[in-house]
Amino acid sequence: MSTSFRTHTCGELRSEHVGERVTLAGWVHRRRDHGHLAFFDLRDRHGITQVVTNADDAPDAHAAAEPARNEWVIQVSGVVRARPDGTTNAELDTGAIEVAVDGFEVLNPSKVPPFYINEEQPGLDESLRLKHRYLDLRRPPMQQRMLMRSKLASAIRRSLEDEGFVEIETPTLIRSTPEGARDFVVPSRLRPGEFYALPQSPQQLKQLLMVAGYDRYFQLAHAYRDEDLRGDRQPEHTQVDIEMSFVTEEDVISTVERVVTRVAKEVVPERPILHEPFPRLSYADAMSRYGSDKPDIRFGMELTEISDAVREVDFRVFSEPIAAGGAVYAITAPGCGDYSRKQLDELIDLAKRHGAKGLVHLAVQADGALHGPAAKFLEGHEAGLLAATGASAGDLVLVVADADRHAAAEALGHVRLEMGDRLGLRQPGVLGYVWVHNFPMFTWDKDGQRWDATHNPFSAPVPEDVDRMESDPGSVRAQQYDLALNGWEAGGGSVRIHQRPLLEKAFALMGHTVDGMRDEFGALLDALEYGAPPHGGIAIGLDRWAALYAEVDNIREVMAFPKTQSGTDLMMDAPSPIAPKQLEELRLRVVEDD
């Protein structure tokens, strides 16, 4: 990558370059002085090369190098030579050579950075990193993650293009429509009092592209959601948006699985895929076996419903939920029967934080007896419980009961993940992909007294469930599918409703009036009357994808300029007030809090 400032990058030189005259430019990564010799590790995003100044051989270069310190930008010229015996560095690709410098120029000095660039600092304040993100991005671990993300994006594009997809950009100034989260809105200067919205996803636009005849579309789309943040959420994110025409759910899943498999083997070939093809679970099975609709399948310890085994037990914690139509779920933690009171209290608190009313714990003794506060209620029923859970001596059985089957499973699912971490079962490095499908199409909104779409309002019902949409909406399954990876939802999609009458029926169930439908979804509803083909797609979060490949638990670690947990940009100091003149042009005023 030769330029006017360099003949080679700092990661390029090898033994075959010995004897060549080169020019390098980069940042001082580390400096070591040995009297008449000064050693510099010179860094750019491609790697590190050791360069040496010698006061005897090149006094002018040595003198010019004297003030240079870490993070100064320098340019050096010299001859490549082999490192002396015993001084090679096997950890560097350039570790067999060094450059004997006879020309040294400081291109730009640097202030002392607020944190080390050349070494890790455990516990480094993230706010400090985000305030000086341009320095944080210089650090080799961050550069490696950003380069991996770039490689991931390139591999995705190539894989989709080879599958016949075309990349089409959609606008980021659109109409506000209900998508499940609050919109970010943009005032229009030319249409005072009216607003654009930034898209939460290109959902309607990609469906309109199917009506337009572009039967395989994709883009790496920017999307925006004004919602509470967490480790896998940001106010703006990038999603791999995919849509296909003349397809069934099977067509979409099989195509996406081919793409995802190919991308994994290209970008992270050292990480094995646990199962090929990816397992498929119904939503009901995922919840009953793992307590999650994004299950981590890298380890077992699956939930077991033990309602029948404890049905006759005189213990209100079990009997009342069962009588109310609920369930009792258990997991078995092998070898944990000797857990301390403190360890058990931690698990109880975890279960309660995730909605459980409590967590029953039973340690299995050598003779098959049970030990724990609830053990006395299970006398005479030990054999049935042990048979149902598969527990044996030394194991710990953890139980959650609730009148809401879903709530019981979900709470225990979080305990399962915690135990997977504690026991080291979650197999770092392994890619545990799994499809979850046949989601409920609707959920009942008690506050609004109406049905809501479980995912988005455009998902098509399973054909055999269509006749029950009005008589029993809660039993209708959607042609909705999620791709989960290692306990994260990597992406979600569905086969869409492509006929206007059926979409209007779904909207009506969700409380939309005819006028409301036309107002919010008019373009799509009209388009469905002009030969809309059957179609479906998926959106995969690029930031989450990159985070999972980088084995970090926060997507900020794979985004160049993320926001904080409160949605602020510490580097650019945003959001910020705007000038009174701008407010006047937009015919807006700021209402102060009382």
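Label sites at LYS342 and ALA369, each approximated as a point 7 angstrom past Cα along Cα to Cβ, lie 2.8 nm apart. On the beta carbon distance between LYS151 and GLN565, with R0 = 35 Å, the FRET formula returns roughly 0.80. From its DSSP helices (H runs of at least four residues, each -39,500 (n - 2.57)), the chain gives a residue-normalised ellipticity at 222 nm of -8500 deg cm²/dmol. Prolate is the label for segment 96-194, because the ratio a/c of its alpha-carbon gyration tensor axes (a ≥ b ≥ c) is 1.5 or higher and a/b is greater than b/c.
Of the residues ALA309, VAL256, PRO277, the one whose Cα sits farthest towards the positive end of the charge dipole of the chain is VAL256 (charges of +1 on Lys and Arg Cβ, -1 on Asp and Glu Cβ, taken about the Cα centre).
Taking the Cα centre of segment 15-108 as reference, the dipole from Cβ charges on Lys and Arg (+1) and Asp and Glu (-1) amounts to some 240 debye.
Annotation: the residues SER127, SER4, SER459, SER159, sorted from fewest to most other C-beta atoms within 10 Å of their own C-beta, follow the order SER4, SER127, SER159, SER459. Taking 8 Å as the Cα distance limit and 6 or more residues as the minimum spacing, I'd like the relative contact order of the chain as a percentage. About 13 percent, as a whole number.
Candidate cross-link partners of LYS376 among the aspartates and glutamates, defined by an alpha-carbon separation under 13 Å and a same-chain spacing of 8 or more, comprise ASP314.
The fewest-to-most ranking of VAL263, VAL185 by surrounding Cβ atoms within 10 Å reads VAL185, VAL263. Note on MET441, MET510, MET572: ascending count of other Cβ atoms within 10 Å places them as MET572, MET510, MET441, the fewest first.
Only Lys, Arg, Asp and Glu carry charge here, each on its Cβ (+1 for the first two, -1 for the last two); on that basis segment 299-426 has a dipole of about 300 debye about its Cα centre. In straight Cα distance, which lysines are under 21 Å from LYS581, not counting same-chain residues fewer than 8 positions off? Cα-Cα hits under 21 Å: none found. What whole-number distance in Å separates the alpha-carbon centres of segment 137-165 and segment 424-442? The distance from the Cα centre of segment 137-165 to that of segment 424-442 comes to 23 Å. Suppose each label sits 7 Å from its Cα in the direction of the beta carbon; what would the GLU529-ASP445 distance come out to in nanometres? Taking the two extended label points, one gets 2.6 nm.
The separation of segment 223-265 from segment 1-64, counted between C-alpha centres, amounts to 44 Å. Cα centroid separation, segment 267-290 to segment 449-503: 21 Å. Charge dipole (Cα centre; +1 on Lys/Arg Cβ, -1 on Asp/Glu Cβ; no other charges) of the chain amounts to roughly 920 debye. Distance between the 7 Å Cα→Cβ label points at PHE246 and GLU320: 6.0 nm. Rank LEU130, GLY522, LEU359 by how far each Cα sits towards the positive end of the charge dipole of the chain (+1 on Lys, Arg Cβ; -1 on Asp, Glu Cβ) and give me just the farthest. Going by the Cα projections, it comes out as LEU130.
Which Cα, out of GLY78, VAL51, GLY103, lies furthest along the positive dipole direction of segment 15-108 (beta carbon charges, K/R +1, D/E -1)? Among GLY78, VAL51, GLY103, the one farthest towards the positive end of the dipole of segment 15-108 is VAL51. How high is the relative contact order of segment 15-108, in percent, with contacts defined as C-alpha pairs under 8 Å that are six or more residues apart? The normalised contact order for segment 15-108 reaches 34 percent. Going through [x] -0.92, -1.05; [y] -0.99, -1.16; [z] -0.67, -0.84, the figure that equals log10 I(q)/I(0) by the Debye sum over Cα atoms at q = 0.09, 0.10 Å⁻¹ as computed for the structure here is [x]. A full extension of the chain between ALA100 and ASP308 corresponds to an added length of 67.0 nm, given 0.36 nm per residue minus the alpha carbon distance.
Any read-out appearing in this document is the output of simple, stated calculations on the displayed coordinates, not a laboratory observation. Remember, predicted model here, so these are calculated numbers, not experimental data. Note that we place each Cβ from the backbone using ideal geometry, even for glycine, and neighbour counts take in every protein chain shown.
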